[in-house]
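Bear in mind these aren't lab numbers, they're just calculated from the coordinates by the rules spelled out. What you see is a predicted model; the values in this text were computed from it and never measured. Neighbour counts are summed over all protein chains in view; Cβ atoms, including those assigned to glycine, are modelled from backbone coordinates with ideal geometry.
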Amino acid sequence: MAPPLVTRARNGVLRLLRRLPRRGLRSVVAERERVIKEREATVREREATILEREAIINEQAEAIRQLRETVAVRSSEQAGASGIEAPPAEPSPRPDEHEDGEPRHERPDSLTDRIVAALPRIEGWCTERKALWLADLITANRCTQILEIGVYGGRSLIPMAMAVQSLGAGGKVYGVEAWSNSVAVATETSPENDAWWQSVDLKAIKTGFLRSVVRNQVADVVVVLEMSSDQAFATISATGLGPFDLVHVDGSHSEVQALRDVEQWSDLVRPGGILVLDDIGWPSVKAAREHVRRAFSDIEEIAESAETAYGAYRRGPDPGVAHSRP
């Protein structure tokens with residue numbers, strides 16, 4: 001017979017060994033439950049991402065469908081036309097004045113309220129003053145075919161789309177934006193500016209834009225061309241889409257691209273139509289502004305601050321040298 005001390009020790013070891021498997025099993029089960037919960041969370045996240053991407057794809061598909069319909073309609077109209085255009089109506093000297101200088105247009109309060117309410121949730125740099133000014137230009141001149149170069153988060157495009165909707169004329173606002181860091185820095189501006197454009201998450205900005213379009217109920221008038229300005233100009237020129245009542249140039253602010261944009265897109269502004277150029281106070285936009293003022297006549301130039309300035313210019317039936325402001 002073993003001594004009592006040895007017996008007690010052996011029995012203690014046996015009890016410990018009997019408990020170990022159960023404790024080990026509980027640990028394994030707990031670990032498996034943790035892994036399962038993590039996997040379920042991952043699956044839910046992936047399902048949410050898939051639904052979000054499906055919504056974006058559906059929105060883009062609808063935009064492409066609208067573009068194709070517009071191109072088909074324009075092609076049909078051109079095929080049946082005689083080729084002789086009626087002379088454009090003589091434009092008023094200001095979008096907000098009669099010939100005698102009296103106000104000729106008031107922005108509906110509902111449109112003002114929509115724009116002011118929407119802006120805080122939209123990414124971009126367009127000020128409230130400029131957004132309302134763009135809406136005035138559109139409604140006063142009854143611009144129903146609009147194109148914007150440089151959409152970013154839609155802070156100027158969405159107010160313009162709201163203005164087009166208010167006219168009830170079945171208009172469209174075409175937005176040209178690549179949402180590509182490499183495209184954004186294809187031509188140099190400044191080291192600081194280029195570094196910012198290389199680092200910003202443009203895919204997230206694009207997602208935010210698409211959500212803003214849906215949230216603000218302007219999807220019926222917005223058509224997105226996800227490509228560079230040069231690619232869009234070639235595409236639109238080839239399809240015969242245009243001319244446009246208003247073109248808003250707010251793309252790359254490099255001297256090379258800004259000048260190229262106004263040189264190209266000026267040709268697609270209809271006679272009597274309007275070209276809006278953003279950030280005319282930037283030194284790199286100086287040549288672009290000078291080009292527009294030589295070809296178009298001034299409507300208005302606004303400098304909100306040293307950093308924020310923009311102008312509107314009207315194309316005449318026979319573009320010549322623009323008049324200068326005092």
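Proximity of backbone amide H atoms, modeled 1.01 Å from N, is registered between Leu225 and Gly175, Val176, Glu177 at under 5 Å, excluding neighbours fewer than 5 places apart on the same chain.
Taking amide hydrogens as placed 1.01 Å from N in the peptide plane, the amide H of Gly316 sits under 5 Å from those of Gly272, Ser297, each at least 5 positions away in sequence or on another chain. Taking other Cβ atoms within 10 Å as a rough exposure proxy, Thr42, Thr139, Thr112 sort from fewest to most as Thr42, Thr112, Thr139. When the Cα atoms of the range 126-206 are aligned to their principal axes, the ranges along those axes come out at 42, 23, 21 Å in descending order.
The value given for the range 197-278 is a Kirkwood hydrodynamic radius of 14.5 Å, derived from the mean inverse Cα-Cα separation.
Here Arg129 and Lys286 are evaluated by their C-beta separation; at R0 = 22 Å the FRET efficiency comes out at 0.45. Both radii come from the Cα set of the range 173-226: Rg as radius of gyration, Rh as Kirkwood radius; their ratio Rg/Rh reads 1.07. Taking label positions 7 Å along the Cα-Cβ direction at both Val35 and Ala195, the computed distance is 4.6 nm, reported to one decimal.
Measuring against 27 Å, Cα to Cα, the residue pairs Lys37/Lys203; Lys130/Lys172; Lys206/Lys286; Lys172/Lys286 contain Lys37/Lys203; Lys206/Lys286; Lys172/Lys286 as the ones spanning a longer distance.
Each of Tyr313, Tyr174 has some number of other Cβ atoms within 10 Å of its Cβ, and from fewest to most they run Tyr313, Tyr174.
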